[in-house]
Structures are given as structure tokens and as C-alpha cells.
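> Here you go, one structure.
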Amino acid sequence: MIRAIDQIPEGFYDSVQALQVEFEESDVQRLGAFIDLLLETNRMFNLTAVKDPSEAWTRHILDSLSLIPCISQEGALHVVDVGSGGGLPGIPLAITMPETTFTLVESTKKKALFLSDVTEQLGLDNVTVVAERAENLATPDGGFRDIADAVIARAVGPLNVLLELTVPFAKVGGVVFAIKGERAPEEIEHARKALHFLHAKVESSIRTTTGTILMIRKIESTPRKYPRLAGEPKRAPLGSKVSKE
């Protein structure tokens, strides 16, 4: 089997350098090992639509690493990755940011077990995996409310849904970084009411070579009634006609 480390695409290192990211000697080896584990496990159950290691370096690794300048600028020491799935963006960031601690939140048990296995195999002592729904963890009694300097999310859902699942984890003054696509401006518009209800605001929208990073600041404490019961944010997004808000 050809390993991912042998299929790094042309231009990858230039793109990483453009992010002002510097790899330690073992980083690339561990990133490659992560891709190998991800794609091998993907044969047993769905973790990613990407099946080519070369494509994974750009679509998964580079996309995840695009958050490093944002997290570093905030000086974030503890980061929560909501809906981590196959470990994106949390695992690549944990590999390359060893001084930062990461909590990976993933409700699907198979995926959470995969994340725990990856964490152990790669020796990531700065990672904790929590197999639970975000709605349950971020309630006033959930144990994870107001704990994060930064919250990150990628491919979790529309912004008006994502906000309710992420903002409660952040400290007041903390941030949510959401990796989005070309429809980011439209999603922001649809999330105006959700931002108001959750006492948050979009501070910036940063285009990268792989997507758009939205920076959302938590400006006041989240009202106690948020997040709502598990499944409710997706069923009735805040500010939608279905929502009772």
C-alpha cells in the first residue's frame, strides 16, 4: 500500500508556508499517518467522501491548518472541535499545535472510537475525545459550557444551526471559527437572528485557498435556555419560521 506521506501534492508546502506555519520534524509524518488511518477506516464506515491521499492533503489537512493563524492570533490555549467526525479539523491542529489542548466532541460512537484510537496511536496527549451531543454538553449543567478560548467547526451544518451548537462552549470574549464555503455571506444573512439570540457577532470573514473562515465573537453570556434539547437546533434553527423564538 502506498502511504500518504509519499503522495504529498505539489504546492502543498508552499500553501503551508503562505499560512506562516512551520512544521516540526515529526509533524508531516504524523499528518500522513493520520490520513492513512482515516482512509483505511473509511473503508469500514463513512468518515469522508475523499478517498485519494493526495486530495486529502489539500481538502482535509491544508483546510484544517488554515485555522492556525486565527487560533494563534487569539492566543487560544483550549479549543473545542464540535462535530469532529473523522477528526477534522481537530486532529491536524492538535498535531501541529502541541501547546494547545483540544476537546473533540463527536456524538456518533463509531467515530468517537476512531478519534480515541487515532489519538492513542499518534501519541496526542493534548487531545480529549468526548462521545456526546453538543447540545447536552453545553447546557448550564453539562460541564463544558464557557470552557473554550476558541470553538472550531467544519462541515457541521448551516450557520444558523451551527451557532447554537458552538457558541455556548466559548468563554465570554471567546470566538467560534467556522470553516465555510462560497455561500458564507448568504449563511451570515440567514443567521442574523441566531447571532442576536446567542449574543454573538461575526467579526470577520477570511478567504483561504480552501474555503472561508468566519470569526464569530461571543460578546455576552449565552442565555440559559440555549442550547435547546438535542436535535432541536437542526429541526428548528433559531430565527427560522419553524423556530418558536
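> Taking percent of Cα pairs over 32 Å apart as the quantity of interest, determine which of [x] 40; [y] 17; [z] 23 was computed from the displayed structure.
Comparing each candidate, only [y] matches the computed number.
> Based on Cβ point charges of +1 for Lys and Arg and -1 for Asp and Glu, what charge dipole magnitude is obtained for the chain about its Cα centre, in debye rounded to the nearest 20?
1380 debye
> Convert each backbone phi in the range 68-85 into a coupling constant with the Karplus relation 6.51 cos²θ - 1.76 cosθ + 1.60 (shift: θ = phi - 60°), then list the ³J(HN,Hα) values in order as whole Hz, x for Gly and Pro.
So the J values, rounded to whole Hz, are 4, x, 5, 5, 5, 4, 6, x, 5, 9, 10, 10, 10, 9, 8, x, 5, x.
> Along the charge dipole of the range 9-55, which of 26, 9, 50 sits closest to the positive end, that is, farthest toward it, with unit charges on the beta carbon of Lys, Arg, Asp and Glu (+1, +1, -1, -1)?
50
> Taking θ = phi - 60°, what integer Hz values does the Karplus form 6.51 cos²θ - 1.76 cosθ + 1.60 yield along the range 204-221, in sequence order, with x for Gly and Pro?
7, 10, 10, 7, 10, 5, 10, x, 10, 9, 9, 9, 10, 9, 8, 9, 9, 4
> Pull up the DSSP beta bridges for the chain and report the antiparallel fraction as a percent, rounded to 5.
40 percent
> Just want the answer: with Cβ charges of +1 for Lys and Arg and -1 for Asp and Glu, which residue in 93, 107, 130 is farthest toward the dipole's positive end in the range 85-150?
Among 93, 107, 130, the one farthest towards the positive end of the dipole of the range 85-150 is 107.
> Then there's this: By a straight-distance test (C-alpha under 15 Å), which aspartates and glutamates pair with residue 218 as possible cross-link partners, with residues fewer than eight away in the same chain excluded?
In chain and number order, the partners are 74, 146, 149, 164, 203.
> Separate question: Is the C-alpha gyration tensor of the range 1-79 telling us rounded, prolate or oblate? Criteria: a/c under 1.5 is rounded; beyond that, a/b larger than b/c is prolate, otherwise oblate.
prolate
> Ok, one more. Any idea how far the Cα center of the range 114-135 sits from the one of the range 1-27, in Å?
23 Å
> If r is the Cβ-Cβ distance from residue 99 to residue 14 and R0 is 25 Å, what FRET efficiency results, to the nearest 0.05?
In this case the efficiency is close to 0.50.
> Full-extension gain between residue 182 and residue 232, please, as 0.36 nm times their residue separation minus the C-alpha to C-alpha distance.
15.4 nm
> To continue, here is another question. By its C-alpha gyration tensor, with a ≥ b ≥ c as the square roots of the eigenvalues, how is the range 106-147 shaped: rounded for a/c under 1.5, else prolate for a/b larger than b/c, else oblate?
Since a/c reaches 1.5 but b/c is at least a/b, the shape of the range 106-147 is classed as oblate.
> Using mean Cβ contacts within 10 Å as the protection proxy, how do 81-87, 228-234, 26-32 order, highest first?
In descending order of packing, they fall as 81-87, 26-32, 228-234.
> Further, regarding this structure: Amide H to amide H, which residues 5 or more places from residue 200 or on other chains are under 5 Å from it, using H placed in the peptide plane?
219
> Could you order the peptides 184-193, 144-153, 162-171 from most to least packed, using the average number of other C-beta atoms within 10 Å per residue?
Per-residue mean Cβ counts within 10 Å order the peptides as 162-171, 144-153, 184-193.
> Mind checking the dipole of the range 1-144: about its Cα centre, +1 per Lys or Arg Cβ, -1 per Asp or Glu Cβ, Debye to the nearest 20?
With Lys and Arg at +1 and Asp and Glu at -1, about 560 debye.
> Just from its helices, what would the mean residue ellipticity at 222 nm be for the chain, if runs of 4 or more DSSP H residues each count -39500 (n - 2.57) and the sum is divided by every residue, rounded to the nearest 500 deg cm²/dmol?
-9000 deg cm²/dmol
> Calculate, for residue 22 and residue 241, the FRET efficiency according to 1/(1 + (r/R0)^6) with r their C-beta to C-beta distance and R0 51 Å; round to the nearest 0.05.
0.60
Computed from the coordinates by the stated procedures, all read-outs in this text should not be read as laboratory data. These numbers come from a predicted model, not from an experiment. Virtual Cβ from ideal backbone geometry, glycine too; neighbours counted across all protein chains shown.
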